[in-house]
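Participant: Here it is, the structure, as structure tokens.
The values are calculated or read from the model by the stated rules, or taken from the named source; none is laboratory data. The structure displayed is predicted, hence computed values, not measured ones. When we count neighbours, we look across all protein chains shown, and the Cβ atoms used for this are built from the backbone with ideal geometry, even at glycine. The protein model used for the area step is the full one, side chains on, heavy atoms only, and it has no ligands, DNA or RNA in it. Shrake-Rupley method; radii C 1.70, N 1.55, O 1.52, S 1.80 Å.
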Amino acid sequence: MKTTHKKSNKKVQTSAAAMLNLLVLFSASEKTVAQTNAGIVGIDHVGINVPDLNKAVIFFDDVLGFKPVTQLGPIPLDADWKKLNHINPNTGAVTIKMINAGNGASIEVFEYADNKGSKTHPNTDDIGASHIAFYVNDINASVQYLKSKGVKILGEPFTMPSGDTAGETWVYFETPWGSKMELVSYPNGKGYEKANPKTILWSPKNATVKKVSEADLDAKKNTAIVENHLKIWNEKDETKRKVLLNQVYASDVEMVDRHFIAEGIEDISKFIVELQTKNPEFKFTAKSVETNHNIARLYWQFGSKAKPAVVSGMDLFVIENGKVQKLYVFVDQKE
């Protein structure tokens with residue numbers, strides 16, 4: 001009886017240790033919710049001070065096809081505001097127009113009446129010098145178009161031969177009021193993307209593609225995606241798992257747990273390896289799969305063959321362009 005009691009205690013301790021390891025792994029990550037404390041979602045607009053608002057709007061509208069949407073002002077500025085924002089005390093009211101610039105941030109163009117600030121544009125190597133870059137599909141055609149409109153092109157389009165930006169072609173041009181701007185194009189992507197990085201830079205060329213396709217609403221296909229997701233988390237062979245990861249997840253997939261966020265395929269793969277290493281006899285099994293348009297949810301359990309439900313939970317998937325774009329993980333709390 002004493003021997004049986006000891007064996008029983010040992011099993012309980014082993015099971016408890018496995019449970020503790022699993023919960024700690026689900027809860028721990030270098031990427032915590034602190035990364036979202038600033039509350040920043042993205043770039044809303046880029047502001048540019050111009051000497052003549054009407055001429056600037058005509059250029060953006062007639063040459064680039066960007067439409068002004070809103071106007072604010074003229075707004076008189078008080079002395080305290082001018083002092084706080086380093087504006088000459090004798091400068092007048094400001095008028096602002098917000099311009100829609102296609103797929104991306106808007107452009108805020110503003111003019112100060114009776115402007116007493118510097119009328120000289122900063123040189124390229126001056127602190128504070130900046131420029132706006134516009135993505136184009138055919139950079140050579142765009143250059144010829146700008147030239148036909150009398151726009152000054154600064155040099156010739158240059159294609160990066162190697163490095164992170166390999167495949168990117170760019171050229172600067174000058175606006176009628178002297179600001180430097182850029183055309184950029186990389187129809188086949190940039191060099192760094194070939195290595196399946198955990199983070200992909202946002203690009204307006206991707207925003208032109210409708211994220212959710214008709215195929216993403218197919219319940220049968222989405223169920224198969226969820227089933228392959230389970231295969232990934234159970235696959236011990238690194239080569240096979242990598243193939244599945246790229247088939248099922250978008251390159252910039254985001255996995256959101258209550259305690260951490262994993263960004264990209266590499267982050268998720270590392271997490272899976274840690275989970276398998278700490279719990280070599282455990283595997284995931286599906287309890288049920290449900291789909292609703294391009295959203296799917298999987299109720300799962302995780303455990304050994306003898307105890308398949310040591311931990312249970314639910315995964316919520318957002319599927320776009322045939323791949324998992326977002327994965328939200330909910331782990332059931334043990335009483």
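Participant: Ratio of the stretch 224-292's C-alpha Rg to 2.2 N^0.38 Å, to two decimals? Mind dumping the intermediate values first?
Facilitator: Details: Rg = 12.1 Å, N = 69, 2.2 N^0.38 = 11.0 Å.
Expressed relative to 2.2 N^0.38 Å, the Cα Rg reads 1.10.
Participant: What number do you get for the chain when its Cα radius of gyration is normalised by 2.2 N^0.38 Å, N = residues?
Facilitator: Working: Rg = 27.7 Å, N = 335, 2.2 N^0.38 = 20.0 Å.
Taking N as the residue count of the chain, the ratio is 1.38.
Participant: Over the chain, give the accessible area per residue in Å² for a 1.4 Å probe, as an integer. Walk me through the numbers before you get to the answer.
Facilitator: On the way: 20510 Å² over 335 residues.
Computed with neighbouring chains in place, this is 61 Å² per residue.
Participant: Heavy atoms only, probe 1.4 Å: what % of the accessible area of the chain goes to carbon and sulfur, would you let me know?
Facilitator: On the way: 11060 of 20510 Å².
Carbon plus sulfur share of accessible area: 54 percent.
Participant: Placing unit charges on C-beta atoms (Lys and Arg positive, Asp and Glu negative, everything else neutral), compute the dipole magnitude of the chain about its Cα centre in debye, rounded to 20.
Facilitator: On the way: 41 positive and 39 negative charges, 389 e Å.
Rounded to the nearest 20 debye, it is 1860 debye.
Participant: Direction-averaged shadow area of the convex hull around the Cα atoms of the stretch 51-189, nm²? Could you put the intermediate results ahead of the total?
Facilitator: Details: hull surface 39.4 nm².
Its average projected convex-hull area is 9.8 nm².
Participant: First check a/c for the stretch 119-187, with a ≥ b ≥ c the square roots of the eigenvalues of its C-alpha gyration tensor; if it is under 1.5, answer rounded, and if not, answer prolate when a/b is larger than b/c or oblate otherwise.
Facilitator: On the way: a/c = 2.55, a/b = 1.26, b/c = 2.02.
Judged from the Cα gyration tensor, the stretch 119-187 comes out oblate (a/c at least 1.5, b/c at or above a/b).
Participant: Let me ask another. Using the Karplus curve 6.51 cos²θ - 1.76 cosθ + 1.60 with θ = phi - 60°, what ³J(HN,Hα) values do you get for each residue of the stretch 255-265, in whole Hz, with x for Gly and Pro?
Facilitator: Taking θ as phi minus 60°, the curve returns 9, 10, 9, 4, 10, 7, 10, 9, 10, x, 4 Hz for the stretch 255-265.
Participant: Continuing with the same structure: In debye, nearest 20: dipole of the stretch 130-271 around its Cα centre with unit charges on the Cβ of K, R (+) and D, E (-)? Working shown, then result.
Facilitator: Details: 19 positive and 20 negative charges, 35 e Å.
So the magnitude is around 160 debye.
Participant: Moving on to the next point. Can you give the calculated 222 nm mean residue ellipticity of the chain, where each DSSP H run of n ≥ 4 adds -39,500 (n - 2.57) and the sum is split over every residue, rounded to the nearest 500 deg cm²/dmol? Please report the intermediate quantities before stating the final value.
Facilitator: Values: 8 runs with 94 residues, N = 335.
That comes out to -8500 deg cm²/dmol.
Participant: What does the charge dipole of the stretch 44-133 about its Cα centre add up to, to the nearest 20 debye, if the Cβ of each Lys and Arg holds +1 and the Cβ of each Asp and Glu holds -1?
Facilitator: So the magnitude is around 120 debye.
Participant: Related question: To the nearest 10 square angstrom, how much accessible area does D44 have with a 1.4 angstrom probe?
Facilitator: The value for D44 is about 110 Å².
Participant: Let me ask something else. Rounding to the nearest 10 and keeping the result within 0 to 90°, find how far the Cα-based axis of helix 238-248 lies from the longest principal axis of the chain.
Facilitator: Helix 238-248 and the main axis of the chain meet at about 50 degrees.
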